[in-house]
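Trainee: Supplied in C-alpha coordinates, the structure appears directly below.
The values are calculated or read from the model by the stated rules, or taken from the named source; none is laboratory data. All values reported here derive from a predicted model rather than from experimental measurement. Methodologically, a virtual Cβ is constructed for each residue, glycine included, from the backbone with ideal geometry; neighbour enumeration extends over all protein chains shown.
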Amino acid sequence: MFACLFVPDFPVQAACRMEPKDTREIFKKSPIAILDGPTPPRVVAMNQAARSAGIQIGMTKLQVETCGGISLRKRSLANEESARAALLDCGRAFSPCVESTCPGTVILDLAGTEKLFGSHESTGHKIADHGAQVGLELNVGVAANPDSAMFAARGYSGITVIPEGREAKYLAPLEVSVLPAAPEVLDILDVWGIRTLQSLAGLPPIALTERLGQEGLQLQRLACGKTCRTLVPAESNEDLTEAYEFEDPVETLESLAFILDRLIQQLCVRLSSRSLATNQLEVMLELEAKQRQTGQDREQYERVWKLPLPVQDGRVLFRLAYLDLGKSSFSAPIHKITVRVVPVRPRSVQQSLFVPVSPETEQLEITLARIRGVVGISDQSGIACAGSPTILDSHKPDSFSVEPFSGGPASGAFPAGSESVLVLRIFRPALETSVDMAANKPHCLSIRKRQFRVLAASGPWCNSGFWWNNSAWSRDEWDIAVKTWEGIGYYRIYLDKIRKQWFVEGIFD
(Lines give C-alpha, C1' and ligand atoms only; values in the text may rest on other atoms or scores of the structure.)
Protein backbone atom coordinates (compact mmCIF):
# COMPACT_ATOMS: atom_id res chain seq x y z
CA MET A 1 0.00 0.00 0.00
CA PHE A 2 1.04 3.58 -0.72
CA ALA A 3 0.08 6.85 0.93
CA CYS A 4 -0.05 10.25 -0.76
CA LEU A 5 0.34 13.46 1.25
CA PHE A 6 -1.29 16.31 -0.65
CA VAL A 7 -1.32 19.96 0.44
CA PRO A 8 -4.37 21.73 -1.05
CA ASP A 9 -3.58 25.20 -2.38
CA PHE A 10 0.10 24.68 -1.64
CA PRO A 11 1.33 28.25 -2.37
CA VAL A 12 -1.35 29.66 -0.05
CA GLN A 13 -0.49 27.29 2.80
CA ALA A 14 3.24 27.97 2.29
CA ALA A 15 2.61 31.70 2.60
CA CYS A 16 0.55 31.28 5.80
CA ARG A 17 2.54 28.44 7.34
CA MET A 18 4.47 30.60 9.83
CA GLU A 19 1.32 32.12 11.26
CA PRO A 20 0.05 30.86 14.65
CA LYS A 21 -2.45 28.02 14.61
CA ASP A 22 -5.38 30.27 15.53
CA THR A 23 -4.48 32.71 12.76
CA ARG A 24 -4.18 29.89 10.23
CA GLU A 25 -7.71 28.78 11.11
CA ILE A 26 -8.95 32.30 10.41
CA PHE A 27 -7.05 32.47 7.11
CA LYS A 28 -8.53 29.11 6.07
CA LYS A 29 -11.99 30.67 6.12
CA SER A 30 -10.86 33.98 4.59
CA PRO A 31 -10.28 34.50 0.84
CA ILE A 32 -6.54 34.66 0.04
CA ALA A 33 -4.90 35.13 -3.35
CA ILE A 34 -1.20 34.75 -4.21
CA LEU A 35 0.30 37.24 -6.68
CA ASP A 36 3.43 36.71 -8.79
CA GLY A 37 5.06 37.83 -11.99
CA PRO A 38 6.26 41.13 -13.46
CA THR A 39 4.23 44.31 -13.35
CA PRO A 40 1.31 44.02 -13.12
CA PRO A 41 1.44 40.92 -10.88
CA ARG A 42 -1.26 38.35 -11.48
CA VAL A 43 -3.01 35.69 -9.42
CA VAL A 44 -1.18 32.35 -9.54
CA ALA A 45 -2.92 30.58 -6.63
CA MET A 46 -5.84 30.99 -4.24
CA ASN A 47 -7.78 29.12 -1.60
CA GLN A 48 -11.33 27.79 -1.77
CA ALA A 49 -12.80 30.90 -0.14
CA ALA A 50 -11.23 33.09 -2.85
CA ARG A 51 -12.56 30.81 -5.60
CA SER A 52 -16.03 31.09 -4.09
CA ALA A 53 -15.65 34.88 -4.16
CA GLY A 54 -15.07 34.79 -7.93
CA ILE A 55 -11.26 35.08 -8.05
CA GLN A 56 -9.67 33.36 -11.05
CA ILE A 57 -6.12 32.51 -12.10
CA GLY A 58 -4.55 35.29 -14.16
CA MET A 59 -6.50 38.20 -12.66
CA THR A 60 -4.47 41.34 -12.00
CA LYS A 61 -4.08 42.92 -8.59
CA LEU A 62 -6.42 45.75 -9.57
CA GLN A 63 -9.12 43.28 -10.65
CA VAL A 64 -8.84 41.38 -7.38
CA GLU A 65 -9.07 44.55 -5.31
CA THR A 66 -12.35 45.43 -6.96
CA CYS A 67 -13.89 42.30 -5.44
CA GLY A 68 -13.18 43.55 -1.93
CA GLY A 69 -12.30 41.56 1.18
CA ILE A 70 -9.54 39.53 -0.53
CA SER A 71 -6.21 39.17 1.29
CA LEU A 72 -3.30 39.44 -1.13
CA ARG A 73 0.05 37.77 -0.56
CA LYS A 74 3.22 37.93 -2.61
CA ARG A 75 4.53 34.56 -3.74
CA SER A 76 7.77 33.53 -2.05
CA LEU A 77 9.85 30.67 -3.43
CA ALA A 78 11.78 30.55 -0.14
CA ASN A 79 8.58 29.90 1.81
CA GLU A 80 7.47 27.22 -0.66
CA GLU A 81 10.85 25.48 -0.53
CA SER A 82 10.69 25.39 3.27
CA ALA A 83 7.16 23.97 3.12
CA ARG A 84 8.27 21.34 0.60
CA ALA A 85 11.15 20.26 2.84
CA ALA A 86 8.83 20.10 5.85
CA LEU A 87 6.38 17.94 3.87
CA LEU A 88 9.20 15.54 2.95
CA ASP A 89 10.23 15.26 6.60
CA CYS A 90 6.62 14.56 7.51
CA GLY A 91 6.64 11.64 5.07
CA ARG A 92 10.03 10.36 6.27
CA ALA A 93 8.64 10.15 9.79
CA PHE A 94 6.44 7.26 8.57
CA SER A 95 8.43 5.58 5.82
CA PRO A 96 12.05 5.39 4.61
CA CYS A 97 10.93 5.45 0.96
CA VAL A 98 9.46 8.85 0.09
CA GLU A 99 8.98 10.37 -3.36
CA SER A 100 8.67 14.10 -3.99
CA THR A 101 6.16 13.85 -6.82
CA CYS A 102 5.48 17.55 -7.35
CA PRO A 103 5.22 20.73 -5.24
CA GLY A 104 2.79 20.01 -2.43
CA THR A 105 2.62 16.26 -3.09
CA VAL A 106 4.72 13.39 -1.73
CA ILE A 107 4.07 9.66 -1.92
CA LEU A 108 5.46 7.11 0.52
CA ASP A 109 5.58 3.33 0.66
CA LEU A 110 3.69 1.90 3.66
CA ALA A 111 5.02 -1.64 3.33
CA GLY A 112 5.89 -3.03 6.75
CA THR A 113 4.59 -0.06 8.77
CA GLU A 114 1.42 -1.72 10.11
CA LYS A 115 3.11 -2.94 13.30
CA LEU A 116 4.41 0.55 14.03
CA PHE A 117 1.40 2.73 13.22
CA GLY A 118 -1.58 0.35 13.11
CA SER A 119 -4.16 0.19 10.36
CA HIS A 120 -3.91 2.27 7.21
CA GLU A 121 -6.71 4.57 8.39
CA SER A 122 -4.93 5.07 11.71
CA THR A 123 -1.70 5.78 9.85
CA GLY A 124 -3.47 8.37 7.73
CA HIS A 125 -4.74 10.22 10.80
CA LYS A 126 -1.28 10.18 12.37
CA ILE A 127 0.22 11.59 9.18
CA ALA A 128 -2.39 14.38 9.12
CA ASP A 129 -1.69 15.21 12.78
CA HIS A 130 2.04 15.33 12.11
CA GLY A 131 1.42 17.61 9.14
CA ALA A 132 -0.51 19.99 11.38
CA GLN A 133 2.53 20.18 13.67
CA VAL A 134 4.69 21.46 10.81
CA GLY A 135 2.00 23.95 9.78
CA LEU A 136 0.40 22.11 6.84
CA GLU A 137 -3.18 20.90 6.39
CA LEU A 138 -3.01 17.60 4.50
CA ASN A 139 -5.27 15.36 2.48
CA VAL A 140 -4.07 11.77 2.77
CA GLY A 141 -4.94 9.09 0.24
CA VAL A 142 -4.03 5.40 0.72
CA ALA A 143 -4.25 2.87 -2.12
CA ALA A 144 -2.55 -0.18 -3.60
CA ASN A 145 -0.71 1.89 -6.25
CA PRO A 146 0.89 5.34 -6.04
CA ASP A 147 -1.23 7.02 -8.72
CA SER A 148 -4.57 5.99 -7.21
CA ALA A 149 -3.40 7.20 -3.81
CA MET A 150 -2.45 10.55 -5.37
CA PHE A 151 -5.82 10.98 -7.12
CA ALA A 152 -7.66 10.09 -3.91
CA ALA A 153 -5.69 12.70 -1.97
CA ARG A 154 -6.33 15.34 -4.62
CA GLY A 155 -10.00 14.53 -5.11
CA TYR A 156 -11.17 13.88 -1.54
CA SER A 157 -10.58 15.94 1.58
CA GLY A 158 -9.35 14.36 4.80
CA ILE A 159 -8.32 10.70 4.99
CA THR A 160 -9.28 8.34 2.16
CA VAL A 161 -8.39 4.63 2.16
CA ILE A 162 -9.11 2.69 -1.04
CA PRO A 163 -9.25 -1.09 -0.55
CA GLU A 164 -7.16 -3.09 -2.97
CA GLY A 165 -9.12 -4.01 -6.10
CA ARG A 166 -11.75 -1.26 -5.70
CA GLU A 167 -9.76 1.63 -7.16
CA ALA A 168 -12.11 2.20 -10.11
CA LYS A 169 -15.17 2.54 -7.87
CA TYR A 170 -13.55 5.09 -5.54
CA LEU A 171 -11.99 7.13 -8.37
CA ALA A 172 -15.13 7.19 -10.53
CA PRO A 173 -16.75 10.40 -9.11
CA LEU A 174 -13.55 12.46 -9.37
CA GLU A 175 -13.13 15.13 -12.04
CA VAL A 176 -10.70 14.54 -14.90
CA SER A 177 -8.73 17.62 -13.79
CA VAL A 178 -7.01 15.46 -11.13
CA LEU A 179 -5.20 13.59 -13.93
CA PRO A 180 -1.70 14.72 -15.04
CA ALA A 181 -2.96 15.66 -18.50
CA ALA A 182 -1.93 18.51 -20.77
CA PRO A 183 -4.36 21.49 -20.91
CA GLU A 184 -5.21 20.81 -24.57
CA VAL A 185 -6.14 17.19 -23.74
CA LEU A 186 -8.40 18.38 -20.92
CA ASP A 187 -10.04 20.82 -23.35
CA ILE A 188 -10.73 17.98 -25.80
CA LEU A 189 -12.27 15.84 -23.04
CA ASP A 190 -14.40 18.78 -21.98
CA VAL A 191 -15.68 19.20 -25.56
CA TRP A 192 -16.55 15.50 -25.60
CA GLY A 193 -18.51 15.96 -22.39
CA ILE A 194 -16.12 13.82 -20.32
CA ARG A 195 -16.21 15.35 -16.84
CA THR A 196 -15.44 12.45 -14.48
CA LEU A 197 -13.03 9.56 -14.36
CA GLN A 198 -15.95 7.15 -14.68
CA SER A 199 -16.86 8.68 -18.04
CA LEU A 200 -13.25 8.45 -19.19
CA ALA A 201 -12.95 4.83 -18.06
CA GLY A 202 -16.07 3.91 -20.07
CA LEU A 203 -14.71 5.10 -23.44
CA PRO A 204 -13.68 2.47 -26.03
CA PRO A 205 -9.89 2.02 -25.67
CA ILE A 206 -9.23 1.65 -29.42
CA ALA A 207 -11.22 4.74 -30.40
CA LEU A 208 -9.62 6.73 -27.55
CA THR A 209 -6.15 5.73 -28.71
CA GLU A 210 -6.93 6.68 -32.31
CA ARG A 211 -7.89 10.20 -31.23
CA LEU A 212 -5.54 10.94 -28.31
CA GLY A 213 -2.75 8.45 -28.89
CA GLN A 214 -0.94 6.57 -26.16
CA GLU A 215 -1.42 9.48 -23.77
CA GLY A 216 -5.19 8.99 -23.91
CA LEU A 217 -4.83 5.25 -23.23
CA GLN A 218 -2.53 5.96 -20.27
CA LEU A 219 -5.04 8.46 -18.84
CA GLN A 220 -7.77 5.83 -19.11
CA ARG A 221 -5.62 3.31 -17.24
CA LEU A 222 -5.03 5.91 -14.53
CA ALA A 223 -8.77 6.54 -14.29
CA CYS A 224 -9.35 2.82 -13.77
CA GLY A 225 -6.61 2.55 -11.12
CA LYS A 226 -4.77 -0.15 -13.08
CA THR A 227 -1.30 1.40 -13.22
CA CYS A 228 1.72 0.27 -11.23
CA ARG A 229 5.06 2.03 -10.97
CA THR A 230 8.09 2.24 -8.70
CA LEU A 231 8.64 5.25 -6.45
CA VAL A 232 11.66 7.47 -7.07
CA PRO A 233 12.97 8.21 -3.54
CA ALA A 234 13.85 11.83 -2.86
CA GLU A 235 17.41 12.58 -1.83
CA SER A 236 17.80 13.22 1.86
CA ASN A 237 19.31 16.58 2.76
CA GLU A 238 21.63 16.38 5.73
CA ASP A 239 21.06 19.94 6.92
CA LEU A 240 17.64 21.30 7.84
CA THR A 241 16.79 24.80 6.68
CA GLU A 242 13.77 27.03 7.15
CA ALA A 243 13.47 30.40 5.40
CA TYR A 244 10.93 33.20 5.39
CA GLU A 245 10.77 36.16 3.04
CA PHE A 246 8.93 39.23 4.37
CA GLU A 247 6.49 40.98 2.10
CA ASP A 248 7.39 44.27 3.78
CA PRO A 249 10.93 44.42 5.28
CA VAL A 250 10.92 44.64 9.08
CA GLU A 251 13.05 46.97 11.17
CA THR A 252 12.30 46.03 14.79
CA LEU A 253 13.52 43.04 16.75
CA GLU A 254 9.99 42.30 17.97
CA SER A 255 8.74 41.83 14.41
CA LEU A 256 11.69 39.58 13.61
CA ALA A 257 11.49 37.58 16.85
CA PHE A 258 8.04 36.17 16.10
CA ILE A 259 9.10 34.69 12.75
CA LEU A 260 12.45 33.56 14.16
CA ASP A 261 10.69 31.65 16.94
CA ARG A 262 8.34 29.96 14.45
CA LEU A 263 11.23 28.93 12.19
CA ILE A 264 13.21 27.43 15.06
CA GLN A 265 10.18 25.60 16.45
CA GLN A 266 9.43 24.10 13.03
CA LEU A 267 13.05 22.95 12.72
CA CYS A 268 12.85 21.28 16.13
CA VAL A 269 9.66 19.45 15.09
CA ARG A 270 11.45 18.20 11.98
CA LEU A 271 14.45 17.14 14.08
CA SER A 272 12.17 15.27 16.43
CA SER A 273 10.50 13.46 13.52
CA ARG A 274 13.96 12.21 12.49
CA SER A 275 14.85 11.30 16.10
CA LEU A 276 17.78 13.74 15.88
CA ALA A 277 19.05 16.81 17.71
CA THR A 278 21.41 19.65 16.78
CA ASN A 279 24.62 21.14 18.11
CA GLN A 280 24.92 24.00 15.62
CA LEU A 281 22.48 26.80 14.83
CA GLU A 282 22.96 29.27 11.99
CA VAL A 283 20.91 32.41 11.35
CA MET A 284 21.34 34.48 8.20
CA LEU A 285 19.55 37.78 7.66
CA GLU A 286 19.30 39.31 4.22
CA LEU A 287 18.95 43.09 4.41
CA GLU A 288 17.01 45.23 1.99
CA ALA A 289 19.17 46.76 -0.75
CA LYS A 290 19.59 50.51 -0.31
CA GLN A 291 19.72 51.24 -4.02
CA ARG A 292 17.68 48.81 -6.08
CA GLN A 293 18.09 50.83 -9.29
CA THR A 294 21.88 50.33 -9.34
CA GLY A 295 21.62 46.57 -8.96
CA GLN A 296 23.38 46.60 -5.58
CA ASP A 297 23.42 43.24 -3.82
CA ARG A 298 21.66 42.89 -0.52
CA GLU A 299 23.81 43.02 2.60
CA GLN A 300 23.84 39.86 4.73
CA TYR A 301 24.30 39.21 8.42
CA GLU A 302 25.28 35.71 9.51
CA ARG A 303 25.75 34.24 12.97
CA VAL A 304 26.68 30.68 14.02
CA TRP A 305 26.23 29.10 17.46
CA LYS A 306 28.06 25.86 18.26
CA LEU A 307 26.60 24.11 21.30
CA PRO A 308 28.67 21.81 23.55
CA LEU A 309 25.98 19.09 23.47
CA PRO A 310 23.09 18.25 21.12
CA VAL A 311 19.76 19.84 22.07
CA GLN A 312 16.20 19.51 20.83
CA ASP A 313 14.63 22.36 22.80
CA GLY A 314 13.51 25.17 20.50
CA ARG A 315 13.18 27.60 23.40
CA VAL A 316 16.91 27.34 24.15
CA LEU A 317 17.89 27.90 20.52
CA PHE A 318 15.54 30.86 20.19
CA ARG A 319 16.83 32.45 23.38
CA LEU A 320 20.44 32.20 22.19
CA ALA A 321 19.60 33.83 18.86
CA TYR A 322 17.38 36.48 20.45
CA LEU A 323 20.03 37.58 22.97
CA ASP A 324 22.62 37.93 20.21
CA LEU A 325 20.33 39.82 17.83
CA GLY A 326 19.30 42.13 20.66
CA LYS A 327 22.75 43.72 20.78
CA SER A 328 23.18 43.92 16.99
CA SER A 329 22.29 46.84 14.78
CA PHE A 330 21.56 46.65 11.05
CA SER A 331 22.10 49.23 8.35
CA ALA A 332 18.85 48.41 6.52
CA PRO A 333 15.50 46.67 7.13
CA ILE A 334 15.46 42.87 7.08
CA HIS A 335 14.10 41.34 3.88
CA LYS A 336 14.62 37.61 4.45
CA ILE A 337 15.60 35.31 7.32
CA THR A 338 17.10 31.83 6.95
CA VAL A 339 17.65 29.43 9.87
CA ARG A 340 19.73 26.28 9.50
CA VAL A 341 20.57 23.49 11.94
CA VAL A 342 23.04 20.62 11.60
CA PRO A 343 21.38 17.32 12.64
CA VAL A 344 23.34 15.02 14.97
CA ARG A 345 22.48 12.05 17.13
CA PRO A 346 20.83 13.08 20.42
CA ARG A 347 22.75 12.59 23.64
CA SER A 348 21.75 9.94 26.17
CA VAL A 349 22.59 10.59 29.81
CA GLN A 350 22.67 7.99 32.55
CA GLN A 351 22.19 9.77 35.86
CA SER A 352 23.92 8.51 39.00
CA LEU A 353 22.54 8.46 42.52
CA PHE A 354 25.90 9.34 44.05
CA VAL A 355 27.04 12.20 41.74
CA PRO A 356 25.93 15.79 42.40
CA VAL A 357 23.50 17.16 39.83
CA SER A 358 25.37 19.40 37.39
CA PRO A 359 23.85 22.52 35.77
CA GLU A 360 21.85 21.92 32.62
CA THR A 361 23.90 22.53 29.49
CA GLU A 362 21.07 24.48 27.87
CA GLN A 363 20.79 26.92 30.78
CA LEU A 364 24.58 27.34 30.85
CA GLU A 365 24.58 28.42 27.20
CA ILE A 366 21.87 31.02 27.87
CA THR A 367 23.85 32.35 30.84
CA LEU A 368 26.99 32.62 28.70
CA ALA A 369 25.01 34.47 26.05
CA ARG A 370 23.88 37.00 28.65
CA ILE A 371 27.46 37.40 29.89
CA ARG A 372 28.66 38.05 26.33
CA GLY A 373 25.97 40.71 26.04
CA VAL A 374 27.54 42.54 29.01
CA VAL A 375 31.30 42.03 28.51
CA GLY A 376 31.33 41.56 24.73
CA ILE A 377 32.23 38.63 22.52
CA SER A 378 36.02 39.18 22.40
CA ASP A 379 38.63 41.58 23.77
CA GLN A 380 41.10 43.79 21.90
CA SER A 381 43.42 40.82 21.36
CA GLY A 382 40.68 38.80 19.71
CA ILE A 383 40.35 36.38 22.67
CA ALA A 384 36.81 35.36 23.56
CA CYS A 385 35.49 36.86 26.78
CA ALA A 386 33.44 33.85 27.91
CA GLY A 387 34.19 30.17 27.60
CA SER A 388 36.73 27.60 28.68
CA PRO A 389 40.43 28.68 28.83
CA THR A 390 42.89 26.62 26.81
CA ILE A 391 46.68 26.89 26.95
CA LEU A 392 48.26 27.30 23.53
CA ASP A 393 51.27 25.30 22.35
CA SER A 394 53.62 28.29 22.44
CA HIS A 395 56.60 29.55 24.40
CA LYS A 396 55.11 33.03 24.57
CA PRO A 397 54.28 33.91 28.19
CA ASP A 398 50.60 34.01 29.11
CA SER A 399 49.54 32.58 25.75
CA PHE A 400 46.04 31.14 25.94
CA SER A 401 42.69 31.19 24.20
CA VAL A 402 39.09 30.88 25.33
CA GLU A 403 37.16 28.13 23.54
CA PRO A 404 33.47 27.19 23.70
CA PHE A 405 32.59 24.65 26.37
CA SER A 406 32.73 21.04 25.24
CA GLY A 407 30.42 18.27 26.35
CA GLY A 408 33.27 15.74 26.44
CA PRO A 409 35.28 14.73 29.49
CA ALA A 410 37.65 17.28 30.90
CA SER A 411 41.20 16.99 29.62
CA GLY A 412 44.38 17.99 31.36
CA ALA A 413 43.20 17.04 34.83
CA PHE A 414 45.78 15.63 37.22
CA PRO A 415 45.57 11.85 37.64
CA ALA A 416 44.48 10.43 40.95
CA GLY A 417 47.29 10.15 43.47
CA SER A 418 49.55 12.75 41.78
CA GLU A 419 51.65 15.05 43.91
CA SER A 420 50.59 18.62 44.53
CA VAL A 421 52.14 21.30 42.31
CA LEU A 422 52.75 25.01 42.68
CA VAL A 423 50.26 27.35 41.11
CA LEU A 424 51.33 30.66 39.63
CA ARG A 425 48.62 33.30 39.99
CA ILE A 426 49.33 35.85 37.30
CA PHE A 427 48.71 39.56 37.77
CA ARG A 428 46.84 41.13 34.87
CA PRO A 429 48.27 43.56 34.04
CA ALA A 430 51.73 42.78 35.40
CA LEU A 431 52.89 45.03 38.26
CA GLU A 432 55.67 47.45 37.43
CA THR A 433 58.61 47.30 39.82
CA SER A 434 62.22 48.37 40.21
CA VAL A 435 64.95 45.84 41.02
CA ASP A 436 68.39 46.41 42.47
CA MET A 437 70.95 43.87 41.28
CA ALA A 438 73.89 42.55 43.25
CA ALA A 439 76.35 40.03 41.82
CA ASN A 440 74.10 39.76 38.74
CA LYS A 441 71.16 38.66 40.92
CA PRO A 442 68.13 40.52 42.25
CA HIS A 443 68.96 41.91 45.70
CA CYS A 444 65.85 43.93 46.52
CA LEU A 445 62.80 45.19 44.71
CA SER A 446 60.22 47.91 45.15
CA ILE A 447 56.49 47.30 44.77
CA ARG A 448 54.07 50.19 45.24
CA LYS A 449 56.75 52.30 46.94
CA ARG A 450 57.64 49.55 49.41
CA GLN A 451 61.07 47.89 49.53
CA PHE A 452 61.45 44.12 49.89
CA ARG A 453 64.65 42.15 50.33
CA VAL A 454 65.21 39.12 48.12
CA LEU A 455 66.14 36.08 50.19
CA ALA A 456 66.77 33.74 47.23
CA ALA A 457 66.67 34.01 43.46
CA SER A 458 66.70 31.44 40.71
CA GLY A 459 67.40 32.39 37.11
CA PRO A 460 67.61 34.03 34.72
CA TRP A 461 65.62 32.14 32.11
CA CYS A 462 65.86 33.91 28.78
CA ASN A 463 62.71 33.85 26.66
CA SER A 464 62.10 35.57 23.33
CA GLY A 465 60.12 35.16 20.13
CA PHE A 466 58.23 36.76 17.25
CA TRP A 467 61.22 38.99 16.52
CA TRP A 468 60.05 39.25 12.89
CA ASN A 469 56.87 41.24 13.58
CA ASN A 470 55.36 43.85 15.90
CA SER A 471 54.41 41.32 18.60
CA ALA A 472 58.02 40.46 19.49
CA TRP A 473 59.02 39.80 23.11
CA SER A 474 62.30 39.27 24.89
CA ARG A 475 62.66 38.89 28.65
CA ASP A 476 64.72 37.43 31.48
CA GLU A 477 62.67 35.63 34.13
CA TRP A 478 63.53 35.09 37.82
CA ASP A 479 61.79 33.12 40.56
CA ILE A 480 62.46 34.82 43.88
CA ALA A 481 61.66 34.46 47.57
CA VAL A 482 60.86 37.76 49.31
CA LYS A 483 60.46 38.54 52.98
CA THR A 484 57.15 40.36 53.60
CA TRP A 485 55.10 41.35 56.66
CA GLU A 486 52.99 38.19 56.29
CA GLY A 487 56.00 35.94 55.90
CA ILE A 488 57.97 34.66 52.95
CA GLY A 489 56.36 35.11 49.54
CA TYR A 490 57.39 33.50 46.27
CA TYR A 491 57.13 35.63 43.14
CA ARG A 492 58.09 35.56 39.50
CA ILE A 493 59.64 38.70 38.09
CA TYR A 494 61.05 39.44 34.68
CA LEU A 495 62.97 42.11 32.82
CA ASP A 496 61.37 43.23 29.57
CA LYS A 497 64.44 43.83 27.41
CA ILE A 498 62.49 45.70 24.76
CA ARG A 499 60.88 48.19 27.18
CA LYS A 500 63.79 48.11 29.64
CA GLN A 501 61.37 47.67 32.53
CA TRP A 502 60.98 45.17 35.39
CA PHE A 503 57.62 43.57 36.14
CA VAL A 504 56.12 41.23 38.76
CA GLU A 505 54.31 38.57 36.73
CA GLY A 506 52.62 36.63 39.55
CA ILE A 507 52.78 34.94 42.92
CA PHE A 508 53.19 31.23 43.69
CA ASP A 509 50.69 29.47 45.94
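Trainee: Which one is farthest from Leu320 (Cα to Cα) among residues in the stretch 370-401 that are within 25 Å of the chain's Cα centre (by Cα) and charged (D, E, K, R)?
Mentor: The extreme case among them is Arg372.
This table checks each residue for (1) in the same structural domain as Ser177 (by TED's automatic domain parsing); (2) outside any loop (DSSP other than H, G, I, E, B); (3) surrounded by 15 or more Cβ atoms within 10 Å (Cβ to Cβ); (4) of a type in the set (Ser, Thr, Tyr).
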position	(1), (2), (3), (4)
Leu200	yes, yes, yes, no
Ile206	yes, yes, no, no
Arg211	yes, yes, no, no
Gly216	yes, yes, yes, no
Asp261	no, yes, yes, no
Leu271	no, yes, yes, no
Asn279	no, yes, yes, no
Met284	no, yes, yes, no
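Trainee: Would you point out the residue of the stretch 218-249, among those that are of a type in the set (Gly, Ala, Ser) and part of a loop (DSSP other than H, G, I, E, B), that is nearest to the chain's Cα centre (by Cα)?
Mentor: Ser236
Trainee: While we're here: For the stretch 22-35, how many residues meet the condition of being in contact (Cβ under 8 Å) with a residue 24 or more places away in the chain and surrounded by fewer than 21 Cβ atoms within 10 Å (Cβ to Cβ)? Explain how you work it out, then say what you get.
Mentor: Looking only at the stretch 22-35, we keep the residues that are in contact (Cβ under 8 Å) with a residue 24 or more places away in the chain, and these are 24, 27-28, 30-35.
Going one step further and asking which of them are surrounded by fewer than 21 Cβ atoms within 10 Å (Cβ to Cβ), we end up with 24, 27-28, 30, 35.
Summing the residues that are in contact (Cβ under 8 Å) with a residue 24 or more places away in the chain and surrounded by fewer than 21 Cβ atoms within 10 Å (Cβ to Cβ) in the stretch 22-35 gives 5.
Trainee: Name, by its number, the condition in (1) touching a residue at least 12 places away in the same chain (Cβ under 8 Å); (2) in a loop (DSSP other than H, G, I, E, B); (3) more than 22 Å from Arg274 (Cα to Cα) that does not hold for Pro38.
Mentor: Tallying (1) touching a residue at least 12 places away in the same chain (Cβ under 8 Å); (2) in a loop (DSSP other than H, G, I, E, B); (3) more than 22 Å from Arg274 (Cα to Cα), Pro38 fails exactly one: (1).
Trainee: Now for a different question. Please list, ordered by first then second residue, the pairs with beta carbon atoms under 7 Å, 6 or more apart or interchain, first in the stretch 258-285 and within 24 Å of Ser331 (Cα to Cα), second among the polar types (S, T, N, Q).
Mentor: Correct list of pairs: Met284/Gln300; Met284/Thr338; Leu285/Gln300.
Trainee: Being closer than 15 Å to Cys224 by Cβ and in contact with an Asp or Glu (Cβ under 9 Å, 6 or more places away or on another chain) is the filter here; which residues of the stretch 152-166 pass it?
Mentor: Ala152, Gly155, listed by residue number.
Trainee: Another question about this same structure. From the residues in the stretch 163-197 that are surrounded by fewer than 20 Cβ atoms within 10 Å (Cβ to Cβ) and of a type in the set (Gly, Ala, Ser), which one is farthest from Glu215 (Cα to Cα)?
Mentor: If we take residues in the stretch 163-197 being surrounded by fewer than 20 Cβ atoms within 10 Å (Cβ to Cβ) and of a type in the set (Gly, Ala, Ser), then Gly165 is farthest from Glu215 (Cα to Cα).
Trainee: Among the residues of the stretch 220-246, count how many are surrounded by 11 or more Cβ atoms within 10 Å (Cβ to Cβ) and among the acidic types (Asp, Glu).
Mentor: 3
Trainee: Any residue at all in the stretch 140-162 that's surrounded by fewer than 16 Cβ atoms within 10 Å (Cβ to Cβ), more than 30 Å from Leu267 (Cβ to Cβ) and of a type in the set (Phe, Trp, Tyr)?
Mentor: Step one: list which residues in the stretch 140-162 are surrounded by fewer than 16 Cβ atoms within 10 Å (Cβ to Cβ), which gives 157-158.
From what is left, the residues that are more than 30 Å from Leu267 (Cβ to Cβ) are none.
No, the stretch 140-162 has no match at all.
Trainee: Oh, and also: Is at least one residue of the stretch 7-28 under 28 Å from Phe151 (Cα atoms) and assigned to a strand (DSSP E or B)?
Mentor: no
Trainee: Then there is this: Which pairs do you get when a residue that is over 21 Å from Val269 (Cβ atoms), found in the stretch 93-119, comes within reach of a residue that is of a type in the set (Asp, Glu) and outside any loop (DSSP other than H, G, I, E, B), reach meaning Cβ atoms under 6 angstrom, with the pair 6+ apart or on two chains?
Mentor: Final answer for the pair search is Cys97/Asp109; Ile107/Glu99.
Trainee: Another question about this same structure. Is it fair to say Phe503 is surrounded by 13 or more Cβ atoms within 10 Å (Cβ to Cβ) and more than 19 Å from Asp436 (Cβ to Cβ)?
Mentor: Values: surrounded by 13 or more Cβ atoms within 10 Å (Cβ to Cβ): yes; more than 19 Å from Asp436 (Cβ to Cβ): no.
No, not satisfied.
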